[in-house]
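Nothing in this text is a laboratory measurement; each read-out follows from the coordinates by a stated rule. These figures come from a predicted structure and were not determined experimentally. With ideal geometry, Cβ positions are generated from the backbone for all residues, glycine too; neighbour counts draw on all protein chains shown.
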Amino acid sequence: MSAVTCQTCGNRVGVVKFSSAHTSVQWSGPAARACAEAGEGPFQGCLALRRSIDNAVTAGALGLRTREQDLL
């Protein structure tokens, strides 16, 4: 996983991209509690963080991985 920082609030999460459509995000408890978009119900994700992840991919800071890379 790679660390990605939300460009809106500064929260850091772990991210791995397996394809353009498949993104795995690992939130820490404090990051999820601090997220303004988390709300009270089940956490559905954060649009600001999604934009930050997309920007990291576009900038080349976050690349696609294959499951085989995890086995090496």
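Spin-label model, residue 19 to residue 66: label points 7 Å out along the Cα-to-beta-carbon direction sit 1.4 nm apart. The distance between label points at residue 26 and residue 7 comes to 2.5 nm (points 7 Å beyond Cα on the Cα→Cβ vector). Between residue 59 and residue 37, the modelled labels are 1.7 nm apart [label points 7 Å from Cα along Cα→Cβ]. Take the convex hull of the alpha carbons in region 2-71; its mean projected area over all directions comes to 5.0 nm². Near the amide H of residue 7, within less than 5 Å, lie the amide hydrogens of 52, all on another chain or at least 5 residues away, with H placed in the peptide plane.
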